[in-house]
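Heads up, the thing below is written out as structure tokens.
The values are calculated or read from the model by the stated rules, or taken from the named source; none is laboratory data. Here the structure is a predicted model, which is why all the values come from computation and not from measurement. FYI the Cβ positions are ideal-geometry reconstructions off the backbone, even for glycines, and counts take in every protein chain you see. Each accessible area value is taken on the protein alone, full model and side chains, heavy atoms only, with ligands, DNA and RNA left out. Shrake-Rupley method; radii C 1.70, N 1.55, O 1.52, S 1.80 Å.
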Amino acid sequence: MKLRKGLLSFLLLLFISFLAVACSNQEASENNNEDSSDTNDAPENENFNKTGFPIVDESITLEMMGKSSPVQPEWSEMGFFQVMEEKTNIQFEFRSASADDYTQNKQLAFASLDLPDLFYGGELTLAEEADYGSQGMLIPLEGLIDEYAPNLKKLMEEDPAIKASITTPDGHIYALPGIDKNITSRTPIMWMNQPWIDELGMDTPTTMEEFYELLKAMKEQDPGNVGDVIPLTANSPADLRLGLLPNFGIVQDDGIYEEDGVVEYAWVQDEYKAYLKYMNRLYTEQLLDNQMFSHNWEQFIAKGPQVGILSTWPIVQLGYADPAEGLNYPVLPPMTSETNDEKLTLGMHEIRRGRAAITSENEHPEATMRWIDQAAYSEEGTILSRLGIEGETYEWNDEGQWQLLSQDGLSTTETNAKHAPGVGTNVPMNLTAEFFEQEGGNPTILKIYEWIQEELIPYARTPFPLVYYTEEETEKINTVKPDIKSYFEQMEAKFITGAESIDDSWAEYVSTLEDLGIGDIVDANQSAYDRWEEAQ
């Protein structure tokens, strides 16, 4: 009995001692973590300037990932980044790529946890923001904005819709937006080769049947004497959809649109089926570029002189040095069709989300936020991002207006893209209407603004509001969307090229999309829309 009591006393004493040591260690650990945090911050704090320039006294190097454009040089050669480095003492190593390569690289970076310090021109989707933010791979930015981003903070105070539009359901901001109020950014634009139309003696089409007759006349009569006419082309099937699908009665955003409070899925609607049949007709008669599903950007641009209807800016596709030549390419107006008796085009939001984000790998988030605020939201930074280097890509005239320059036989757009990442890449910028009103020496752009204001803006419809998804909705969308996207793009190509009969395969196509989970995507968007509607 004495032995048992002694043993119990010993164990009790040992347990109490263990608790005391554990508590002591925990307190020490917490103190050490605080000290460690202070220690890690100390070099940054000593090197980092909360205001003024440079942002850091001794140079730091960060890794940036973004989507580049084929019209741009390597980002390391751009004057924008060189000027920003001189001003801030922050330099970058770049992981940039264009088009699908960038999307794959971005997905791989998250999947492998091989993250850059900063996404810039990152094109982060809503699901990526919410998902990777909640997982801690993208850091919350609202505190950094409040402390280190006076330009963005001011914009958010002046327009509360900005903060509301970039705040996820968990209350955090994980990605930063671009603000684009330029009239040319408010709707997709397609362009007509007016000299060809005049040579044919035809009028601007008002219906899709008249559009077909115009394309057919271009193909058969070769009004430009180019030999091998391509009446209609686009960089991608997605670009073609953006420009022409509204004519059949559907205005959508990534397949989603809202009608009378009900969310619908575009790719199973009869209007989309009619669009496919129309495009198959054009493809079969070689009125639609038969290489659209396989050409790359360089091949697409090289076709410019052969094309009757363009899906990108004529100055880009044709490369003329004199901007006045743009007057030969007016905008293609909306048209009606057998499934739609109303003129429609896609209306785009002024707030462009997902342009930049800071990752958990970044050891200098304060300095990075200051860099973004200067580069994206200051007047100086916006001019540098969009216009490039004064004297090389643009100049100011005596009336205080900016004018784009052309060098070495390049167009103004190609020249501009040499030093301005905002030409070709969706980097964050604060592009105001006043900024574009300052453009001088280019009456052509004023005429283009007039065309857009008269022919497109009155018919623009925004298909879906700026919403965010809950974690559960994000998981639901992310689970089914990759397979749906792959199948949809595969079948769209088969339907347009005639590899699959639209009528014979339509029911199976719709059934397969339903089996793949389009109902989950619709449900998630309906819930997000309902929350948005209640908040209005």
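Which pairs turn up if I take residues in the stretch 355-380 that are more than 19 Å from Pro421 (Cβ to Cβ) and at pLDDT 95 or above and look for partners that are surrounded by fewer than 24 Cβ atoms within 10 Å (Cβ to Cβ) and of a type in the set (Gly, Ala, Ser) with beta carbon separation below 9 Å, at least 6 apart in sequence or on another chain?
Thr359/Ala109; Ser360/Gly136
In the stretch 50-77, what count of residues is obtained for those that are more than 26 Å from the chain's Cα centre (by Cα), of a type in the set (A, V, I, L, M, F, W, C) and either within 14 Å of Val423 (Cβ to Cβ) or open to solvent by less than 50 Å² (accessible area, probe 1.4 Å) (or both)?
Residues in the stretch 50-77 being more than 26 Å from the chain's Cα centre (by Cα), of a type in the set (A, V, I, L, M, F, W, C) and either within 14 Å of Val423 (Cβ to Cβ) or open to solvent by less than 50 Å² (accessible area, probe 1.4 Å) (or both): 3 in total.
Go through (1) under 30 Å from Ser406 (Cβ atoms); (2) modelled with pLDDT of 95 or more; (3) under 25 Å from the mean Cα position of the chain (by Cα); (4) not polar (S, T, N, Q) for Val307 and report which single condition fails.
The number of the failed condition is (3).
From the residues in the stretch 266-290 that are farther than 22 Å from Leu332 by Cα and in contact (Cβ under 8 Å) with a residue 24 or more places away in the chain, which one is least open to solvent (accessible area, probe 1.4 Å)? Explain how you work it out, then say what you get.
Step one: of the stretch 266-290, the residues farther than 22 Å from Leu332 by Cα are 266-270, 273, 284.
Narrowing the set further to residues that are in contact (Cβ under 8 Å) with a residue 24 or more places away in the chain leaves 267-268, 270, 273, 284.
Details: Trp267: 11, Val268: 35, Asp270: 111, Lys273: 43, Thr284: 95 Å².
Looking at the filtered set, the residue picked out is Trp267.
Within the stretch 154-202, work out how many residues are in a loop (DSSP other than H, G, I, E, B), buried (at least 17 other Cβ atoms within 10 Å of the Cβ) and among the small types (Gly, Ala, Ser).
1
Among the residues of the stretch 345-398, count how many are farther than 18 Å from Asn182 by Cα, of a type in the set (A, V, I, L, M) and open to solvent by 10 Å² or more (accessible area, probe 1.4 Å).
Qualifying residue count for the region: 1.
So which residues in the stretch 240-262 are polar (S, T, N, Q) and assigned to a loop (DSSP other than H, G, I, E, B)? If you could, list the steps in order and put the result at the bottom.
Our first condition is that a residue be polar (S, T, N, Q); within the stretch 240-262, this holds for 247, 252.
Selection gives Gln252 alone.
Within the stretch 203-218, restricting attention to residues that are of a type outside the set (S, T, N, Q) and open to solvent by 60 Å² or more (accessible area, probe 1.4 Å), which residue is nearest to Gly308 (Cα to Cα)?
Taking the stretch 203-218 first, the residues of a type outside the set (S, T, N, Q) are 203, 205, 208-218.
Checking the rest, the ones that are also open to solvent by 60 Å² or more (accessible area, probe 1.4 Å) come to 203, 209-210, 213, 216.
On the way: Asp203: 14, Glu209: 16, Glu210: 14, Glu213: 13, Lys216: 11 Å.
Taking the candidates together, the pick is Lys216.
Mind listing just one residue for me: the one in the stretch 92-104 that is crowded, with 16+ Cβ neighbours inside 10 Å and touching a strand residue (DSSP E or B) at 6+ places or on another chain (Cβ under 6 Å) and, of those, farthest from Thr425 (Cα to Cα)?
Taking the stretch 92-104 first, the residues crowded, with 16+ Cβ neighbours inside 10 Å are 92, 94-98, 102.
This time we only want the ones that are touching a strand residue (DSSP E or B) at 6+ places or on another chain (Cβ under 6 Å), so: 92, 94-96, 98, 102.
Numbers: Phe92: 17, Phe94: 14, Arg95: 14, Ser96: 11, Ser98: 9, Tyr102: 12 Å.
Of everything passing the filter in the stretch 92-104, Phe92 is farthest from Thr425 (Cα to Cα).
Taking the condition within 30 Å of Asn525 (Cα to Cα), open to solvent by 50 Å² or more (accessible area, probe 1.4 Å) and touching a residue at least 24 places away in the same chain (Cβ under 8 Å), does Glu298 pass?
Working: within 30 Å of Asn525 (Cα to Cα): no; open to solvent by 50 Å² or more (accessible area, probe 1.4 Å): yes; touching a residue at least 24 places away in the same chain (Cβ under 8 Å): yes.
No: the conditions fail for Glu298.
Tell me which residues, restricted to the stretch 108-130, are out of contact with any strand residue (DSSP E or B) (no Cβ under 7 Å at 6 or more places or on another chain) and either buried (at least 22 other Cβ atoms within 10 Å of the Cβ) or at pLDDT 95 or above (or both).
Matches in the stretch 108-130: Leu108, Phe110, Ala111, Ser112, Leu113, Asp114, Glu128, Ala130.
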